[in-house]
Ligand code: NYM
Ligand code: MG
């Protein structure tokens, strides 16, 4: 048995980080080992470049920043794999689906956007927290960072929804519902995986 690799994706203001942290606590409280990753991981050298870009303190060409987001995942992939081998559940707040959705929403071709992430560890479960831009606005609207604009979020949402048709372990969760209800729906999917999973870790987007 190895640990399960669980990715939480979603739009800005979907409650993704809150829910991921709640899952983290809940797994820990159940006495199981769990490791939390978040992308972009702004603590690394690459992550600091991404952070400067998102806060508009640096300008980067669209392809170049996309490759940095991907490199940020690759630099942490060995730690993800080790945690899974050690039998720990890995929770990941955003992953390659965010990468492809956000960059392709700027007009770059989706296949190109996916290509640098081909071969990364593939999740056993993706929980996609879906929220309408209207609901997001009710929650106080978007923040100050790059991409946190309604038109962009609408395009991103459409690309995200396309991943459902890829036949992967993709589960859409209505994140417009009250927080506790969303938590319960998510736990219903995650709970059965925290004791570990059988079978080798798969690779993203290889066929
Ligand atoms: N984002 C995130 C990307 O554009 N590409 C990626 O590969 C990833 C992981 O960064 N608006 C975008 C989505 C978000 C922004 O994420 C920062 P967060 O979760 O707000 O720190
Ligand atoms: Mg954000």
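The values are calculated or read from the model by the stated rules, or taken from the named source; none is laboratory data. From a predicted model like this one, the values you see are computed outputs, not experimental measurements. All Cβ positions, glycine included, derive from the backbone under ideal geometry; neighbour counts span all protein chains shown.
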- Task: Could you give me the residue pairs with C-beta distances under 8 Å whose first residue belongs to the stretch 10-21 and is within 15 Å of residue 102 (Cβ to Cβ) and part of a helix (DSSP H, G or I), whose second residue is within 10 Å of ligand 1 (Cβ to nearest atom) and modelled with pLDDT under 95 wherever it lies, and which are 6+ apart or on separate chains?
- Result: 16/10
- Item | Number of the exception - residue 130 against (1) within 12 Å of ligand 1 (Cβ to nearest atom); (2) touching a helix residue (DSSP H, G or I) at 6+ places or on another chain (Cβ under 8 Å) | (1)
- Query: Out of all the residues in the stretch 41-63, is one or more more than 12 Å from the chain's Cα centre (by Cα), away from ligand 2 (no atom under 16 Å from the Cβ), touching a residue at least 12 places away in the same chain (Cβ under 8 Å) and under 23 Å from residue 163 (Cβ atoms)?
  - Reply: yes
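Residue by residue through the stretch 109-130, note down the ones that are part of a loop (DSSP other than H, G, I, E, B) and surrounded by 15 or more Cβ atoms within 10 Å (Cβ to Cβ).
120, 122, 123, 124
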- Name every residue in the stretch 22-38 that is farther than 17 Å from residue 181 by Cβ and in a helix (DSSP H, G or I), in order of residue number. 24, 25, 27, 28, 29
- Query: Would it be correct to say that residue 106 is away from ligand 2 (no atom under 16 Å from the Cβ), outside any helix (DSSP H, G or I) and either closer than 24 Å to residue 144 by Cβ or in contact with a helix residue (DSSP H, G or I) (Cβ under 6 Å, 6 or more places away or on another chain) (or both)?
  - Reply: yes
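Assess whether residue 61 counts as being loosely packed, with under 14 Cβ neighbours inside 10 Å and away from ligand 1 (no atom under 11 Å from the Cβ). First the steps, then the outcome.
Numbers: loosely packed, with under 14 Cβ neighbours inside 10 Å: yes; away from ligand 1 (no atom under 11 Å from the Cβ): yes.
So residue 61 fits the description; yes.
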- In the stretch 46-58, residues that are in contact with a helix residue (DSSP H, G or I) (Cβ under 9 Å, 6 or more places away or on another chain) and away from ligand 1 (no atom under 11 Å from the Cβ) total 4
- Subset of the stretch 78-93, residues in a helix (DSSP H, G or I) and either touching a helix residue (DSSP H, G or I) at 6+ places or on another chain (Cβ under 8 Å) or surrounded by 16 or more Cβ atoms within 10 Å (Cβ to Cβ) (or both), comes to 80, 81, 83, 84
- Item | Subset of the stretch 131-172 [buried (at least 17 other Cβ atoms within 10 Å of the Cβ) and part of a strand (DSSP E or B)] | 170
- Do we have residue 78 as within 23 Å of residue 154 (Cβ to Cβ), away from ligand 1 (no atom under 11 Å from the Cβ) and free of Cβ contacts under 8 Å to residues at least 12 places away in the same chain here? no
- Query: For residue 175, all conditions in the list (1) more than 16 Å from ligand 2 (Cβ to nearest atom); (2) buried (at least 18 other Cβ atoms within 10 Å of the Cβ) hold save one; what is the number of the exception?
  - Reply: (1)
